[in-house]
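Here is the structure we will look at.
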Amino acid sequence: MNDWLYVMGGGIALLWLGAWLLLHLGNFEQRISQMRMGLEVRMGAIEKQFTAYNKFFADNERSAQLTYVELGDIKSDISDLKNQLDEVKRAINVMEVAVNDLKLRTNNPRNLRVI
C-alpha cells in the first residue's frame, strides 16, 4: 500500500508541476508566434543589409571595370605618346647631326666652295 501512496503522491506532484509550468510559461503558441515575428523582422533587416551590400559591391565592380577600361586607355595613350617622343628624339638627333655638319662647314673656310 505504501508503494501506491508514493505513486499517487508523485502523480499529484507532477500534475501540480505541469499546471505551474503552464501558468508561468504562458501560451506556447503565442510565444512561438512572437519569436517567429521577431525573427522575421530580423531576417528582413538582414535581407535589406544584404541587398545594400550587393548593390554596393555591384556599383564598385562597375566602377572598377570602368576604371580598368579607363586605365587601359590611358596606358595605350601613354605608349602612343612614348612612341611619338622617341620619334621626336630621333628627329632631334638627325637635326643635330645636320646642324653640327653645317657648323663645321661654316667654321672651316677650306671646305667652303665659291660658286
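Read-outs throughout are calculated quantities, based only on the coordinates presented, and are distinct from any laboratory measurement. Quantities reported herein were computed from a predicted structural model and do not represent experimental measurements. Heads up, the Cβs are rebuilt from the backbone with ideal geometry, glycines too, and the neighbour counts pull from every protein chain shown.
Hey, what angle do you get for helix 28-107 against the long axis of the chain, alpha-carbon based, 0 to 90 degrees rounded to 10? For 28-107 against the chain, the angle is about 10 degrees. When only alpha carbons of region 15-107 are considered, Rg and Dmax amount to 38.9, 129 Å. Taking 29 Å as the straight-line reach from the Cα of K89, the lysines in range (excluding those fewer than 8 positions away in the same chain) are K75, K103. The charge dipole of the chain, taken about its Cα centre with unit charges on the Cβ of Lys, Arg, Asp and Glu (plus for the first two, minus for the last two), comes to roughly 860 debye.
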